[in-house]
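The structure appears below as structure tokens.
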Amino acid sequence: MEQQTHKRRVRYSGTHPRRFEEKYKEHDPEKYRDDVEKILQSGKTPAGMHIPIMVQEILDFLQIQPGQVGWDATLGYGGHTRKMLECLHGQGHLYATDVDPIESEKTKARLLAMGYGEDILTVKRMNFARADEVADEPFDFVLADLGVSSMQIDDPARGFTFKQDGPLDLRLDPTSGVSAAERLRSLRYDELVGLLQENADEPYAEQIAREILRVYKRGGAIDTTRQLYAAVSQALSFLPTGSRKDSVKKSCQRTFQALRIDVNSEFEVLYAFLEKLPQTLKSGGRVAVLTFHSGEDRLVKKAFKQGLQDGIYSAVARDVIRPGAEECFRNSRAHSTKMRWAIKK
């Protein structure tokens with residue numbers, strides 16, 4: 001029998017780990033529960049972990065009963081999935097889909113260790129735009145959480161954060177399509193301005209687009225997250241010193257959002273999901289959708305309203321439901337969340 005070589009954890013300087021890969025306690029929350037709990041109590045999200053948002057509001061609406069069949073369209077870390085599985089009490093079935101090959105396998109293994117095997121849970125690596133291909137049976141309930149998981153945001157290697165340097169990737173599935181860096185190089189000035197305005201309502205879209213193209217014209221590169229941050233920062237150098245830092249941060253967040261939406265075709269995917277959704281629901285079936293920016297919310301609102309007018313849905317949310325102040329304190333990433341729901345006629 002081959003002896004397994006012991007692998008030592010990554011060492012770090014100082015008293016606290018700073019880099020993502022050094023945060024070994026947070027990457028193994030089951031082993032270091034007390035440490036992770038302290039981080040959660042401080043209102044922060046541990047690295048490599050995701051806190052499910054609006055769990056109680058979702059469960060209150062979906063009214064999941066044992067024996068029902070449901071679909072978690074965006075598996076992620078599995079926080080919502082686990083709560084829905086608990087409601088089934090071992091009876092019925094839950095389908096879960098996700099395009100991320102890295103995180104979906106981790107989550108599947110984590111849920112299996114909790115006792116949720118293939119008898120009650122089916123995990124498929126596929127885009128939720130393929131709603132009509134998930135199962136051969138209609139659903140009693142569906143949940144779609146459109147937010148990017150914290151595990152993806154926090155890992156510099158995925159390119160979703162500008163807090164640490166990493167490749168400018170932004171793909172939810174890094175095995176297909178082109179990276180954000182490749183996409184950025186292919187855009188003309190008017191296309192880049194349109195992308196920033198339409199996908200993120202960026203007020204400084206023209207200045208940012210000009211600076212990005214200026215970098216390329218001078219023979220520079222924007223292949224990493226910090227290089228894009230530097231370009232945005234330079235584009236906004238005309239702003240007053242007092243307000244510049246906060247403005248740069250917000251414009252960077254919007255720029256990354258706009259690129260991520262484009263690279264992953266998020267609006268097209270959401271539109272396809274909403275179009276196919278009614279045929280996947282049983283009569284009386286319930287769907288809840290969590291959105292995180294105005295573009296997503298407008299699409300969901302419009303689709304549900306039209307479905308109500310066409311007699312597809314018997315009821316839809318007239319107003320968005322938002323997380324409470326306590327949840328927003330415990331999880332700062334919950335602030336922008338909006339929940340809408342619909343019931344199939």
**OP:** Give the accessible surface of region 203-272 per residue, rounded to a whole number of Å², with probe radius 1.4 Å and ligands, DNA and RNA excluded.
**Re:** 51
Original post:
Which entries in 249/301; 276/305; 106/345; 83/163; 83/108; 124/282 show an alpha-carbon gap greater than 26 Å?
Top reply: 249/301; 106/345; 83/163
**OP:** Tabulate in residue order the Karplus-calculated ³J(HN,Hα) for region 247-258, using 6.51 cos²θ - 1.76 cosθ + 1.60 with θ = phi - 60°, rounded to whole Hz; enter x for Gly and Pro.
**Re:** 5, 4, 4, 5, 5, 5, 4, 5, 5, 5, 4, 4
**OP:** Please work out the C-alpha center-to-center distance from region 49-124 to region 128-168 and express it in whole Å.
**Re:** 14
Original post:
Just by accessible area at a 1.4 angstrom probe, what is the order of 340, 286, 183 from largest to smallest?
Top reply: 183, 286, 340
**OP:** Place the peptides 324-334, 169-179 in order of packing, highest mean first, counting for every residue the other Cβ atoms within 10 Å and averaging per peptide.
**Re:** 169-179, 324-334
**OP:** Please work out whether region 254-345 counts as rounded, prolate or oblate from its C-alpha gyration tensor, where a ≥ b ≥ c are the square roots of the eigenvalues and a/c under 1.5 means rounded, while otherwise a/b larger than b/c means prolate and anything else oblate?
**Re:** oblate
Original post:
What ³J(HN,Hα) values, in whole Hz, does the Karplus curve 6.51 cos²θ - 1.76 cosθ + 1.60 give for region 228-243 when θ = phi - 60°, with x put for Gly and Pro?
Top reply: 5, 4, 5, 5, 5, 4, 5, 5, 9, 5, 7, 6, x, 3, x, 9
Subject >> Placed amide H near residue 94: partners under 5 Å, 5+ positions off or other chain >> reply: 70, 121, 122
Subject >> For region 140-236, with +1 on Lys and Arg beta carbons and -1 on Asp and Glu, the positive-most of 199, 235, 225 along the dipole >> reply: 235
Subject >> Positive dipole terminus of region 52-138, leading residue within 94, 135, 114 (C-beta point charges) >> reply: 114
Subject >> Karplus-derived 3J(HN,Hα), 6.51/-1.76/1.60, for each residue of region 68-84, Hz, glycine and proline x >> reply: 7, 10, x, 9, 9, 5, 9, 4, x, 7, x, x, 5, 4, 4, 5, 5
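The values are calculated or read from the model by the stated rules, or taken from the named source; none is laboratory data. None of these values were measured; they are calculated from a predicted model. Cβ: placed from backbone, ideal geometry, glycine included. Neighbour counts: every protein chain shown. These accessible areas exclude ligands, DNA and RNA; they are computed on the full protein's heavy atoms, side chains included. Shrake-Rupley method; radii C 1.70, N 1.55, O 1.52, S 1.80 Å.
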